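**Q** Mind having a look at this structure? Questions to follow.
We did not get these values from a lab; they are worked out from the coordinates using the rules stated. Everything numeric here is computed off the predicted structure, so don't read it as measured data. No Cβ is skipped: glycine too gets one built from the backbone with ideal geometry, and neighbour counts run over all protein chains shown.
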């Protein structure tokens, strides 16, 4: 995998150089795959509009090189620890939703989210035996619903 990770780092840095961005990507391996940490004066540009440019670069790299990674592994781009902070925020949102569903017995529906963000919430609540999480809707409007698990009558 290190060869693919190195290629991803080179490709990303050549994109930055061509675009005139004052940032540098450095690759490392993580349990999720290849992590490209991006740092530099222009890194905030990648995080505008909820990290759209960061997501786009990650998508390009996964399309170009992701098939060479082991199954289940991905190329992940992060700038200024944005993804780690967002993941912590999503886990807190999942806990809030769980508390609200338990208190009111009513389903909690999140706004539209990227698949990777819905996955964080699904995984955060996976061990909660009294709750069900499910993705609903289509395309860009796909949301996540958290509801109480109905006890089966046996």
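**Q** Let me confirm something: among 79, 103, 126, 94, which residue is within 28 Å of residue 34 (Cα to Cα) and surrounded by fewer than 16 Cβ atoms within 10 Å (Cβ to Cβ)?
**A** The unique qualifying residue is 126.
**Q** Residue check, residue 89 against (1) more than 21 Å from residue 126 (Cβ to Cβ); (2) under 14 Å from the mean Cα position of the chain (by Cα), all met but one. Which one?
**A** (1)
**Q** Could you tell me whether the range 106-120 includes any residue that is in contact with a strand residue (DSSP E or B) (Cβ under 8 Å, 6 or more places away or on another chain), surrounded by 13 or more Cβ atoms within 10 Å (Cβ to Cβ) and touching a residue at least 40 places away in the same chain (Cβ under 8 Å)?
**A** Yes, the range 106-120 has at least one match.
**Q** State which residue is nearest to residue 73 (Cα to Cα) when the search covers only the range 121-148 and only residues that are part of a helix (DSSP H, G or I) and without any contact (Cβ under 8 Å) to a residue 12 or more places away in the chain.
**A** Filtering first and then ranking leaves 123.
**Q** Among the residues of the range 21-38, count how many are surrounded by 13 or more Cβ atoms within 10 Å (Cβ to Cβ) and over 19 Å from residue 87 (Cβ atoms).
**A** Counting residues in the range 21-38 that are surrounded by 13 or more Cβ atoms within 10 Å (Cβ to Cβ) and over 19 Å from residue 87 (Cβ atoms) gives 5.
**Q** Which ones in the range 14-38 are more than 12 Å from residue 77 (Cβ to Cβ) and over 19 Å from the mean Cα position of the chain (by Cα)?
**A** Across the range 14-38, the qualifying residues are 14, 17, 18, 19, 20, 21, 22, 24.
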